[in-house]
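The values are calculated or read from the model by the stated rules, or taken from the named source; none is laboratory data. Since this is a predicted model, take the numbers as computed values, not measurements. Note that we place each Cβ from the backbone using ideal geometry, even for glycine, and neighbour counts take in every protein chain shown.
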Amino acid sequence: MSEASEPSEQTRVAAEYATVEQLVRAQLSKALGGVRGMIEGAVPTATFTILWLSTRELRLSLAISVGIAALLVVLRLVQRQTAQFVFNSLIGIGIGAIFAMRSGEAKDVFLPGIIYNGAYASVMLISILIGWPVVGFLIGAVTGDPTAWHADKPIVRLCTQLTWVLAAPCALRVLVQYPLYAADQLGWLATAKIVMGWPLQVAALAMMAFLLSRNHTPLSES
């Protein structure tokens, strides 16, 4: 078959997704791992934080949370599925533990998370301010043209709203957790990490689901 007769990437995408909302829902679900992926990413981190808060034993908390993560990884491997989201959680726990052990300050176990959320929120906010919201590139990654979406104002507006929703939880975590970190309020800091982890993420996803429930932004081939 000649190259000219091959359907374009945009044609294939248009056949699969009727609207931008459908496309972004699918891409976000893939990026976040769906409900199971988010739970797997949250459980080891929450376990580590709760154990550390109750025992103040860094090595014990690390060992138990890693053990739980290992069980989740084995389950994924047995099912021949990706364990990416469990590994992401393990990396975060490991980096926090390294920070705390190197500095000798127990509170430094929370520092990498604060830095990560600050960097993530900054990238999102900068992308909004310059008019190229990050979520738009999810569309470009699928359609094969990384920047064509920017010519469509309704798409840019939707992607800007979604990027705000992604940035807000990260910015809020930094605004609440960094002052607690600086003031050595470890109990409140650990509590804030748990409360502002899974529950805040669920709230953000609910808002995104609302924004994506309208299905009225056509995915054109232009």
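Taking the criterion of being hydrophobic (A, V, I, L, M, F, W, C) and closer than 19 Å to Ser54 by Cβ, the residues of segment 173-193 that qualify are Leu180, Leu186, Trp188, Leu189, Ala190, Ala192.
Hey, can you tell me all the residues within segment 189-206 that are over 12 Å from Phe110 (Cα atoms) and surrounded by 15 or more Cβ atoms within 10 Å (Cβ to Cβ)?
Within segment 189-206, the first condition is being over 12 Å from Phe110 (Cα atoms), and the residues that meet it are 195-206.
Within segment 189-206, Met196, Gly197, Trp198, Leu200, Gln201, Ala204, Leu205 qualify.
Against the definition (more than 22 Å from Gly41 (Cβ to Cβ), surrounded by 17 or more Cβ atoms within 10 Å (Cβ to Cβ) and either touching a residue at least 40 places away in the same chain (Cβ under 8 Å) or among the hydroxyl-bearing types (Ser, Thr, Tyr) (or both)), how does Asp184 come out, yes or no? The answer is no for Asp184. Flag not set for Thr45, criterion: in a loop (DSSP other than H, G, I, E, B), modelled with pLDDT under 85 and in contact with a helix residue (DSSP H, G or I) (Cβ under 8 Å, 6 or more places away or on another chain).
Taking segment 90-203 and the helices (runs of 4 or more DSSP H) fully enclosed by it, the elements with 1 or more residues that are charged (D, E, K, R), modelled with pLDDT of 85 or more and closer than 17 Å to Leu58 by Cα are at 186-195.
On the basis of being among the basic types (Lys, Arg), in a helix (DSSP H, G or I) and buried (at least 17 other Cβ atoms within 10 Å of the Cβ), does Arg36 make the cut? If you could, list the steps in order and put the result at the bottom.
Values: among the basic types (Lys, Arg): yes; in a helix (DSSP H, G or I): yes; buried (at least 17 other Cβ atoms within 10 Å of the Cβ): no.
Criteria not met by Arg36.
Among the residues of segment 144-179, those identified as surrounded by fewer than 20 Cβ atoms within 10 Å (Cβ to Cβ) and over 30 Å from Ile194 (Cα atoms) are Gly144, Asp145, Pro146, Thr147, Ala148, His150, Ala151, Asp152, Lys153, Pro154, Val156, Arg157. Somewhere in segment 197-215, is a residue farther than 30 Å from Ala100 by Cβ and touching a strand residue (DSSP E or B) at 6+ places or on another chain (Cβ under 8 Å)? Scanning segment 197-215 turns up at least one residue that is farther than 30 Å from Ala100 by Cβ and touching a strand residue (DSSP E or B) at 6+ places or on another chain (Cβ under 8 Å). Take the conditions (1) in a helix (DSSP H, G or I); (2) over 20 Å from Gly197 (Cα atoms); Phe87 misses just one of them, which is (2). Summed over segment 109-136, the residues that are more than 21 Å from Leu172 (Cβ to Cβ) and crowded, with 18+ Cβ neighbours inside 10 Å give a count of 1.
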